[in-house]
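Below: one structure, written as structure tokens.
The values are calculated or read from the model by the stated rules, or taken from the named source; none is laboratory data. These figures come from a predicted structure and were not determined experimentally. Note that each Cβ is placed from the backbone with ideal geometry, even for glycine, and that neighbours are counted across all protein chains shown.
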Amino acid sequence: MNNEKLSDVTAQKIRTMIEAENRFKVGDKLPNENDFANELGISRSTLREAIKSLTSLGILEIKRGKGTFVTDSTMIESGDLGEINSGLDDLFEMRLMFEPECAYYAALRATDEEIAIICKYGEAVEQKIKSKEDRTYEEQKFHESIASATHNAFVEQFMPIIFNAIKKGVIVMQKDKIVSSDNLNDDRLIMDFLKSRNADGARTAMRLHILHAMEGLKNLK
């Protein structure tokens with residue numbers, strides 16, 4: 001793996017720590033360079049490249065002489081629905097442009113192992129919905145796994161936007177039982193089409209999934 005690719009993987013790991021695992025919250029300072037590089041098993045130069053990438057996305061901010069800090073651009077407080085709804089229509093419209101095609105190409109290109117990983121996260125989403133637990137992490141990993149299975153080198157660059165939309169959407173949609181029920185049915189349909197390698201079906205199922213979510217968001221406003 002070349003250094004550029006490794007820095008992308010590292011950026012993804014740090015982003016997951018922030019957006020899904022909540023290890024670092026808004027305003028938190030990242031560990032010092034040596035310790036963090038050792039923890040991640042990478043060189044300091046690779047870590048710097050990853051931080052540079054996340055800084056360009058507005059996820060991190062470098063404060064000269066103080067360190068690197070998490071910004072508030074991707075972290076959403078669950079109680080402020082006004083802030084959450086801000087820009088949500090555009091985020092989901094972007095998902096509608098992007099994710100159905102990801103499902104299409106994933107059906108054609110995914111390995112059997114990748115299909116199994118997608119289904120593992122899809123089933124985890126189902127369990128979280130049934131137990132009425134927060135499903136943000138599982139939703140993010142489900143959609144990320146589908147995008148990764150496209151085997152397109154540039155798809156990864158869109159994932160911070162998708163993660164942000166999912167995080168905002170889950171906060172709002174968990175308040176609506178009908179949307180959660182649609183989510184269960186849609187995810188199962190997506191998985192079935194992916195397992196059968198039906199690219200057109202996977203694309204349509206993903207499109208319906210996002211349209212159902214968009215309709216649910218309108219009803220909650």
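Quick one: which residue in Glu113, Glu156, Glu101 is without any contact (Cβ under 8 Å) to a residue 24 or more places away in the chain and surrounded by fewer than 23 Cβ atoms within 10 Å (Cβ to Cβ)?
Glu113
Here is a check on your reading of the model: is Arg64 surrounded by 12 or more Cβ atoms within 10 Å (Cβ to Cβ) and more than 28 Å from Ala165 (Cβ to Cβ)?
Values: surrounded by 12 or more Cβ atoms within 10 Å (Cβ to Cβ): no; more than 28 Å from Ala165 (Cβ to Cβ): yes.
Taking the combined requirement at face value, the residue does not satisfy it.
With the requirement that a residue be of a type outside the set (Lys, Arg) and under 23 Å from the mean Cα position of the chain (by Cα), what does the stretch 40-52 give you?
Selection gives Leu40, Thr46, Leu47, Glu49, Ala50, Ile51.
When you scan the stretch 1-60 for helices (runs of 4 or more DSSP H) that lie fully inside it, which ones turn up with 2 or more residues that are at pLDDT below 90 and crowded, with 17+ Cβ neighbours inside 10 Å?
3-19, 44-56
Thr136 - would you say it is β-branched (Val, Ile, Thr), out of contact with any helix residue (DSSP H, G or I) (no Cβ under 8 Å at 6 or more places or on another chain) and either modelled with pLDDT of 90 or more or closer than 16 Å to Ile166 by Cβ (or both)?
When the stated conditions are applied, Thr136 does not pass them.
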